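Accompanying notes for the structure given below.
All of the numbers you see were taken from the coordinates with simple rules; none came from a lab. From a predicted model like this one, the values you see are computed outputs, not experimental measurements. Note that each Cβ is placed from the backbone with ideal geometry, even for glycine, and that neighbours are counted across all protein chains shown.
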Amino acid sequence: MTRFGATTPAERVRLVVDAITAHRTRASPFCTIEVDEADLDGESGPDPDLGVPWVQFADGVVSLDCTDGELERLKGLLNRFPAFKIDDLTRPDEAEGTHVRISAKADPNRIAQFCEQVFLEVFECEKDVRLWVTAV
């Protein structure tokens, strides 16, 4: 893997595919994709007070933390991705929101397309959001 950031839809999907491929090749515990912190200006998109939106992938599972509103948008998104199902919802007492684990029975390209839509539709990021691979 030679690049770690992307800003266009096609580049972001390719970035996630490359991250998943590198994760599997290296047999790493997981790969993590995050929104560039500079894109959290508070005017639109994700709330900077909630931290940087992120998605992790490992062992056929996509994981993310979300607010109640984001969880509802995620459930709507899953209607368009039938190979993806919520496996587990965890609501820690010490944190606001929900940790979601989604089984992803799909190839890396479809998983990347799903992740792209999570950032755009669930987290409501801008169309030119920069994503970074922060762990592989």
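Looking only at chymotrypsin sites (Phe, Trp or Tyr not before Pro) in DSSP loops with at most 15 other Cβ atoms within 10 Å, what is the longest site-free stretch of the chain? Within the chain, the longest run free of exposed chymotrypsin sites (Phe, Trp or Tyr not before Pro) spans 31-136. Using Cα springs under 10 Å in a Gaussian network model of the chain, which residue among ARG101, ARG24, ARG80 shows the largest mean-square fluctuation? The residue with the greatest mean-square fluctuation here is ARG80. Taking θ as phi - 60° and the Karplus parameters 6.51, -1.76 and 1.60, the scalar couplings of region 60-66 work out to x, 10, 9, 10, 7, 9, 8 Hz in sequence order, x denoting glycine and proline. The slack between ASP41 and LYS75, meaning 0.36 nm per residue of separation minus the straight C-alpha distance, is 9.6 nm. Dipole check for the chain: with +1 at the C-beta of Lys and Arg, -1 at the C-beta of Asp and Glu, and the Cα centre as origin, the magnitude is about 1040 Debye. Computed extension length for ASP59-ALA10: 15.2 nm, one decimal, from 0.36 nm per residue of separation with the Cα-Cα distance subtracted. Sort region 5-135 into rounded, prolate or oblate with this rule: let a ≥ b ≥ c be the square roots of the eigenvalues of the Cα gyration tensor; rounded if a/c is under 1.5, and if a/c is not under 1.5, prolate when a/b is larger than b/c, oblate otherwise. It is rounded, given that a/c, with a ≥ b ≥ c, falls under 1.5. Within the listed set PRO53, PRO108, PRO82, the Gaussian network model of the chain (springs between alpha-carbon atoms below 10 Å) gives the highest mean-square fluctuation for PRO82.
Do you know the relative contact order of the chain, to the nearest whole percent, from alpha carbon pairs under 8 angstrom that are 6+ apart? Can you show the working numbers first?
Details: 234 pairs, mean separation 53.2, N = 136.
Averaging sequence separation for qualifying contacts and normalising by length gives 39 percent for the chain.
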